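Comments concern the structure below.
The values are calculated or read from the model by the stated rules, or taken from the named source; none is laboratory data. It should be emphasised that the depicted structure is a prediction, and the values quoted were computed from it without experimental measurement. Counting neighbours? That spans all protein chains shown, and the Cβs are built from the backbone with ideal geometry, glycine included. Please note that ligands, DNA and RNA were not included when accessible areas were found on the heavy atoms of the full protein model with its side chains. Shrake-Rupley method; radii C 1.70, N 1.55, O 1.52, S 1.80 Å.
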Amino acid sequence: MTWQGLITMSLGAILIENFVLVRFLGICPFLGVSKKTDTALGMSMAVIFVMTAASAATWAVQEYILIPLGVEYMQTVAFILVIAALVQLVEMFLQKAVPALYKSLGIYLPLITTNCAVLGVAIINADNGGGFFESVLFAFLSGVGFAFALLLFSSIRQRLEFAEYPEAFEGFPIALVTAGLLALAFTGFTGLKIF
Amino acid sequence: MTIWYAVMALGGMGLALGLLLALASRLFAAEPDQRLEALGGVLPGVNCGGCGYAGCGMFAAALAAGEASVDGCPVGGADLTEKLCAILGVEMKKNTRLTVLVRCSGGARARDKFQYEGIGDCHASIRIGGGPKECPYGCIGLGSCVRACPFGAISVVDGVAVIDHERCTGCQACVGSCPKRIIVPVPYYADVNIACSSHDKGGTLRKVCDIGCLGCRICEKVCIHKAIYIEDNLAAIDFEKCTGCGDCAEKCPRKLIVDAKLDRGPRLMEG
């Protein structure tokens, strides 16, 4: 892969086709754990990790099991199965081997097992039909894009705590309005080209 | 035929992954801390947070790590401390049970400054001229502490909050809820306590309350152990010296000194 390709892919995954704000995947953690920046950071790290690991596993499943048997239509079920098992496995391993990391990822790791952003990246990869390295890289960059959006959003929400707005907007309504505006801003990246 | 492929593929994957996970759980099994389990078993499990930790589980972890004190749980009392000590293998300290005392006996006997008809809450009432009572120290009796108590141990009787010492676990949720700060933690096994908080001089106090401490020093004179003394017009007890003879309670002209022996039945002196 050339540098050009890499930059194009990063731009695509992080800005133009941002998982949360443009593709609208992974909205649940986006709204759920964006109240504080530090929890958002923990979630982001977990998402990047799980996305990367899951795409590696699902690539293998797609390439060596589903395609040879001609049952690609079982993608969704197979991927969920593999991702869930993988995360469980990783969690057990971390608990034993790297307790510090296990603690810092905490509840977020099992939480995102069945997140649509994670499944989404696996299915997008399968549809694109790219190579192993490409798929994993794309997944990692998508995770970074998710982290970027989540951190942006959480810092906005933290500042919103002290802002004055009508009482009716308190809590989720203002968060949803903010998310909408943020998504609108991200649509500005559509059609962005460097090369 | 393809349906069999699908079944085989998914079934096979499920089976393989299941086996893998089963194997991994054996391989990576974190040996559960025996002590932690035992500690969790004896803790009350109400997760009240009275110990300062986020729940009984966190408290147990802190105990096992040696960060928390064995008498940290306000709910379990002495029995629990004993059990925890047995599990952790440490020496038990006695007389650690706490209860709280409302240091006011005024209520209906303390005169009103005005008739308060606002929100039925102590904090709301003190916004108006420091509250409806003439005595600036006393209990307002609007029951902020009653609502703060998670164990239903407080009730307002004759305009003054009263603690049910058997129900009280010493969690001190009420201590912070009192705007006058007259609910204080006291040792459960303390034998005498002063049920007044007024630092006013006798003459001033006499005008606003029929029962408050005048600072007459009768208790100070009657106590042969020099455990009770008047400080800033109010009696105070040195629990180190007090033997619980109850002479002061008997002689107090205002009957302000609560004799715990009368209140709680036979004295449970330990250590």
When residue A:72 is run through (1) more than 14 Å from chain B (Cβ to nearest Cβ); (2) open to solvent by 30 Å² or more (accessible area, probe 1.4 Å), the failure sits at (1)
Does residue A:110 satisfy the condition of being in contact with an Asp or Glu (Cβ under 8 Å, 6 or more places away or on another chain), open to solvent by 10 Å² or more (accessible area, probe 1.4 Å) and not charged (D, E, K, R)?
yes
Failed condition for residue B:224, given (1) in contact with a Leu (Cβ under 8 Å, 6 or more places away or on another chain); (2) surrounded by fewer than 15 Cβ atoms within 10 Å (Cβ to Cβ), with all others met?
(1)
Out of all the residues in segment A:15-42, which are more than 10 Å from the chain's Cα centre (by Cα) and part of a helix (DSSP H, G or I)?
A:15, A:16, A:28, A:31, A:32, A:37, A:38, A:39, A:40, A:41, A:42
If you check residue A:58 against the conditions, is it under 19 Å from residue B:18 (Cα atoms), open to solvent by less than 40 Å² (accessible area, probe 1.4 Å) and part of a loop (DSSP other than H, G, I, E, B)?
no
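Filter segment A:154-195 down to residues that are polar (S, T, N, Q) and touching a residue at least 40 places away in the same chain (Cβ under 8 Å) and give me whichever is least open to solvent (accessible area, probe 1.4 Å). Walk me through it before giving the result.
Pass one, segment A:154-195, residues polar (S, T, N, Q): A:154-155, A:158, A:178, A:187, A:190.
If we keep only those that are touching a residue at least 40 places away in the same chain (Cβ under 8 Å) too, we end up with A:154-155, A:158, A:187, A:190.
Details: A:154: 0, A:155: 47, A:158: 70, A:187: 71, A:190: 97 Å².
Per the stated criteria, the residue is A:154.
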When you look at residue A:81, is it facing another protein chain (nearest Cβ under 8 Å) and not polar (S, T, N, Q), yes or no?
yes
Could you list, in sequence order, all residues of segment B:46-58 that are open to solvent by 50 Å² or more (accessible area, probe 1.4 Å) and either without any contact (Cβ under 8 Å) to a residue 24 or more places away in the chain or within 14 Å of another protein chain (Cβ to nearest Cβ) (or both)?
B:47, B:52, B:53, B:54, B:57, B:58
From the list A:96, A:103, pick out the single residue that is at pLDDT below 85 and either under 18 Å from residue A:48 (Cα atoms) or not in a helix (DSSP H, G or I) (or both).
A:103
Collect the residues in segment A:1-25 that are buried (at least 20 other Cβ atoms within 10 Å of the Cβ) and among the hydrophobic types (A, V, I, L, M, F, W, C), keeping them in residue-number order.
A:13, A:14, A:19, A:20, A:21, A:25
From the list B:105, B:144, B:125, which one is in contact with an Asp or Glu (Cβ under 9 Å, 6 or more places away or on another chain) and among the small types (Gly, Ala, Ser)?
B:144
Taking interchain pairs and intrachain pairs at least six residues apart, which have beta carbon atoms under 9 angstrom, with the first residue in segment A:20-36 and within 14 Å of residue A:47 (Cα to Cα) and the second outside any loop (DSSP other than H, G, I, E, B) and of a type in the set (D, E, K, R)?
A:34/A:157
Sole exception among (1) open to solvent by 70 Å² or more (accessible area, probe 1.4 Å); (2) touching a residue at least 60 places away in the same chain (Cβ under 8 Å); (3) under 17 Å from residue A:19 (Cα atoms) for residue A:121, by number
(1)
Can you spot a residue in segment B:59-68 that is open to solvent by 30 Å² or more (accessible area, probe 1.4 Å), touching a Phe, Trp or Tyr at 6+ places or on another chain (Cβ under 7 Å) and assigned to a loop (DSSP other than H, G, I, E, B)?
no
Please indicate, with yes or no, whether at least one residue in segment A:149-169 is modelled with pLDDT under 85 and touching a Leu at 6+ places or on another chain (Cβ under 8 Å).
no
Testing residue A:121 on (1) within 14 Å of chain B (Cβ to nearest Cβ); (2) under 16 Å from the mean Cα position of the chain (by Cα), one condition comes back false. Which one is that?
(1)
Residues located in segment A:124-138, provided they are farther than 21 Å from residue A:24 by Cα and open to solvent by less than 40 Å² (accessible area, probe 1.4 Å):
A:130, A:131
If you scan segment A:96-123, which residues turn out to be small (Gly, Ala, Ser) and under 19 Å from residue A:26 (Cα atoms)?
A:106, A:117, A:120, A:122
Filter pass, residue A:139 being within 25 Å of residue A:22 (Cα to Cα), part of a helix (DSSP H, G or I) and either within 14 Å of chain B (Cβ to nearest Cβ) or touching a residue at least 60 places away in the same chain (Cβ under 8 Å) (or both)
yes
May I ask you to say which residue of A:45, A:51 is away from chain B (no Cβ under 14 Å) and either open to solvent by 20 Å² or more (accessible area, probe 1.4 Å) or at pLDDT below 85 (or both)?
A:45
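Considering segment A:77-107 alone, what residues qualify as being free of Cβ contacts under 8 Å to residues at least 24 places away in the same chain and open to solvent by less than 50 Å² (accessible area, probe 1.4 Å)? I'd like the intermediate steps shown before the answer.
Within segment A:77-107, the subset free of Cβ contacts under 8 Å to residues at least 24 places away in the same chain is A:77-78, A:81, A:85, A:89, A:91-103, A:107.
Within segment A:77-107, A:78, A:85, A:89, A:91, A:92, A:94 meet the criteria.
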Given B:36, B:21, which one is facing chain A (nearest Cβ under 10 Å), in a helix (DSSP H, G or I) and open to solvent by less than 90 Å² (accessible area, probe 1.4 Å)?
B:21
Top-ranked residue in segment A:84-118 [being of a type in the set (Val, Ile, Thr) and more than 14 Å from chain B (Cβ to nearest Cβ); ranked as nearest to the chain's Cα centre (by Cα)]
A:118
